[in-house]
Structure formats: structure tokens, C-alpha cells
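No value in this document is a laboratory result; all are computed from the given coordinates. Everything quoted here is computed from the prediction, not taken from an experiment. Quick reminder, even Gly has a Cβ in these numbers, built from the backbone with ideal geometry, and neighbours come from all protein chains shown.
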Amino acid sequence: MTHSPTPLWPADEWQMPARSRLYAITPQGKGTVMVEALHSLVIRLAHAHVVKPAVLVKEEILRDCDINYTKYSAKFVTTYLSTMNGLGKYAREIKDSLETLTMQSGLDDCTFLRWDGLFEYRSRRMLHLHPHWCPCCFYDWRQSGIEPYYPLIWQSVIVRHCPIHLVPLQEKCPGCHKAQPFVPRHYYLDHCSYCGGALAGREAGAGNAQLAPITANAQHAIDTVSEMIARGPLIEHLLTATHFWSRVQETADLYCEGKIKSLEKALGFAEGTLSNWKLGRHKPSFLAFYRFARALGTTPVSFLLEGVPGTFCPPKLKARSPRRARTILTTGELDELRIALQAVIAQGVSEQPMRDVAARLGHSHSFMIYWFGDECRHISRLHRRWVASRANTRMIANHALAARIAESLYAGRHRVTRRLIEGKLAKADLSLQDPVVRESVYAVRASYLASAPKPKEKK
């Protein structure tokens, strides 16, 4: 086809506009807290091209991605692709591939990629393991002619209720009770990928839904993720570890005299958690940052923008137990203690260990060691000698008792088994596991076998 030259459109300057390989589909709910999740957009894109979602992912989206993936890897599609809604390498690679294939931009809004510079990279910690949905929203959208989709806010791990209807989000089909995959077998997200049953019914519609009150923690979780989605593009310059740590240091300066360890104790974190964030050993996970902001009575976005709210009242730190006052004794008191220790030594034996002797005299073990080291070591040697003599006496008694038991058995029976011997020994609190007892029994047995008449040989 040729074009006649005109002043507004010269024929030699006209060029064919660039064409995208895939349709450029606008995300549902764009610009609101109910913006569509990236995996939901992929499913609707597969519907537009009349191919299975798994085929579109494998053959087109992952083709130019820098991801170690083989076309025979089913686990990658069913498991790891769920991270495309979060942050990290998979989310960024898939988002970039979709923007290239559809020639559109702004798909960061369908993920949490804007928080990639602040949060720890394992995005599965901030997402549900399976898709969650609101049956009321599915019903309302289908009745209004809107194709049901998965908003990004439903996929956050801390969100358990729908922000519109305030009803609990569902994760299993009411018919077959199976969790739904992130890449389903068909395009209709309001129907089960396994049994085909509806995930929303008339009884779950907005007109019949009972708006039960939700807890303050559940509402706080909804507000937190709503702020992250709505205000994330506006505060992208603040989503860095450096800015986050400056806010943490401000909090420590205000309430804990600049001591990070005191702030960790006040907020219930393990020692070194905040310090490791500062030193860059690892980034805070989404759940850790959320718990940190929750302890301060604010949200992650508000904390990054404004710091700690004025209404925050730090909990009282547990006071350390006061140090024990140093014991100061006169020369006469020290002489009395030395005489008492020498009296124990004069007995030639000490049934009590040195620690018990010190407690009986009203002082700590370390105090007595400091002032009377030689006497304390002598008493410890006497106690060890007493313990050894008791052990030797007990060993001799056990040896004799085991010998008597074995002799009585061999004297009255023609056949003595190991089980019979162990049963008799157990009644006397003895065991063949004891080397002394075992040696005694085996000596009696050897003596009995040596004296027993030998059987006559058959001719």
C-alpha cells in the first residue's frame, strides 16, 4: 500500500509502528490498593491468547529470562513462580520479560519489587504459599461483568481478611478442599483448577455477607499492606537500608540513650538482630520489619516517613540485679575462718565438698578460694579421697553380692541362662553392665564349668 505525499505526512518518513509480541493488558484495579497481582495478569494474558497459562509461562515469558530453568521442570512452575508477586530475582526477571513482550511499563505496581532494596530477598516469606481469595469479591465481580482476578494485597502473608468486605480470605476449594495453584489449568480464577467448582456462590455475595468485626491486629495488617501498595511508588527513594537504619538510630537516641542493645530488649528482639541489619550482614525480612513497626505502634511506611509516633511509650526495661556488695572481714574474722578450715583438715576426711563447707561457714566458694586457697585445695583432696573410698567399698560389696547370687544359681540348677542371672541381679539393684559385677559372675561360672563332670563320649 502506498501513501500519497502530503505536507503533514511525507511518504518517505512514514514507518510502521512497533508491534508487541503479546497483548498489552492493563492490570485490574490499577492505581488502587486492589491492584492486580502479577501472576493474575499472566493468567488473563494467557486467556487473551487462548493458550494454557503454563504454556505461556514456559514458552514465552521464561524464554528470555536469566533463570536456571528447564522445560521439563514442573516444580518450578507450580512452586517457585509464586515469588513473581514478591521481590528478588524471579520477580524482577519475569516482570522485565512481560514488559518487553507487551511493550508496557509500570508492572512494578503488581509486585513488591519497590521494596527490594530494603527487605531480605527470599520473597516467599512475605507471600502466602497458595493463592487466597475473597468469595464475596469474586461473586460481585462476576455479577458486574468484571473478570475475577487476584489483587496483590490478598497475596501478602499477613493479610487474612478482604479489605473490602472484611471477611476471611479463602485458600481451599469448598468442593474438593484443595489449595489452588498459582498457575492454574484454566483461565477462570473464580473456579477450582481441579474439580471446576465455583469458588464463590450466591450465599457469599456482598448482599448476603455478614460483616463480622475483625481484630485490631487483622485491621493493622490490612492497613500496613495497603500503605505499601498505595504509597510505595511515592517513597521509593526512602526504601533503602541506609534510611531505615537512620530511623532505627533516631529511635534509640530518643528512648534508649542511643544504645541499640537496649532498644532490642525493649522491643523483644534477640540481641544482635538490629546490629546485624546495620552492619549489612543481612536485610530484615518483611515479617521482622512488620513486627518491629508493630512494636513501635506504627506501620513500615509511616516509620520510614515520620519515624516513631509521638504516642509511643517504650516498655520499661528489666533492671539488672544489683551487684553484691564486696565482703570485707577483719583480721580476727579471717583467723576464725582459717581455724574452722584447719579443723576440717585435722579430721583427715571431708564428707562435704569445699562448696558445701564454704556455704556452711556463710561465704561463697570463690571468696574462700581467694583468701584460703591452700586450705580449700586440701579439703577438696580429702573429699575426693573420701568419695574414692566409698566407691571402693561399694565395689567390694557388689562383687561379693554378685558372687553369692551366681553361686546360689549354679548350685541349684543344671542350666543357668543369662536372662535368669540378669533377673536375679536386678532384684538386688545390680546389673551385668557393671564391670565388677560381670567379672564376679563370670568367675563363678568359670569355676562351676571347670568342676562340673564332663559328659561321656559315645562309642
Distance in nm between pseudo-label sites at Q143 and V55 (7 Å out along the Cβ direction from Cα)
3.6 nm
Search the structure for amide H atoms under 5 Å from the amide H of V157, placed 1.01 Å from N in the peptide plane, and list their residues when 5 or more places away or on another chain.
L127, H128
Please turn the phi angles of the stretch 435-441 into ³J(HN,Hα) values with the Karplus equation 6.51 cos²θ - 1.76 cosθ + 1.60 (θ = phi - 60°), one per residue in order, whole Hz, x for glycine and proline.
x, 5, 5, 5, 4, 5, 5
Averaging sequence separations of C-alpha pairs under 8 Å and six or more residues apart, then dividing by the length of the chain, give the relative contact order as a whole percent.
11 percent
Dipole-positive endmost among A179, S156, Q143 within the stretch 109-182 (Cβ charges, Cα centre):
A179
R445-L329 FRET efficiency (beta carbon distance; Förster radius 56 Å; 0.05 resolution)
0.35
Total charge dipole magnitude, the stretch 329-459, about the Cα centre, Cβ charges on Lys, Arg, Asp, Glu only, Debye to nearest 20
1600 debye
Using θ = phi - 60° and Karplus 6.51 cos²θ - 1.76 cosθ + 1.60, couplings along the stretch 178-190 (whole Hz; Gly, Pro as x):
10, 6, 8, x, 6, 10, x, 8, 9, 9, 8, 6, 8
In nanometres, the difference between 0.36 nm per residue of separation and the alpha-carbon distance of R355 and S275 is 24.8 nm
With contacts defined as alpha carbon pairs under 8 Å and 6 or more residues apart, what's the relative contact order of the stretch 240-314 in percent?
27 percent
Hey, what number do you get for the chain at 222 nm if only DSSP H runs of n ≥ 4 count, each worth -39500 (n - 2.57), divided across all residues, to the nearest 500?
-13500 deg cm²/dmol
Computed magnitude of the charge dipole of the chain (debye, nearest 20; Cβ of K, R +1, Cβ of D, E -1):
3500 debye
For the pair V436 and Q15, the simple spin-label estimate (label points 7 Å beyond Cα toward Cβ) gives in nm 10.0 nm
Dmax and Rg, reported as Rg then Dmax, of the stretch 19-238 (C-alpha, Å):
16.8, 50
Hey, can you grab everything whose amide H is under 5 Å from the amide H of H191? Only 5+ residues off in sequence or another chain; H modelled, so Pro and N-termini drop out.
L199
Helix 373-412 vs. the chain, principal-axis angle (Cα, 0 to 90°, nearest 10):
80 degrees
Cysteines without a disulfide-compatible partner in the chain, using Cβ under 4.7 Å as the rule?
C65, C110, C136, C256, C313, C376
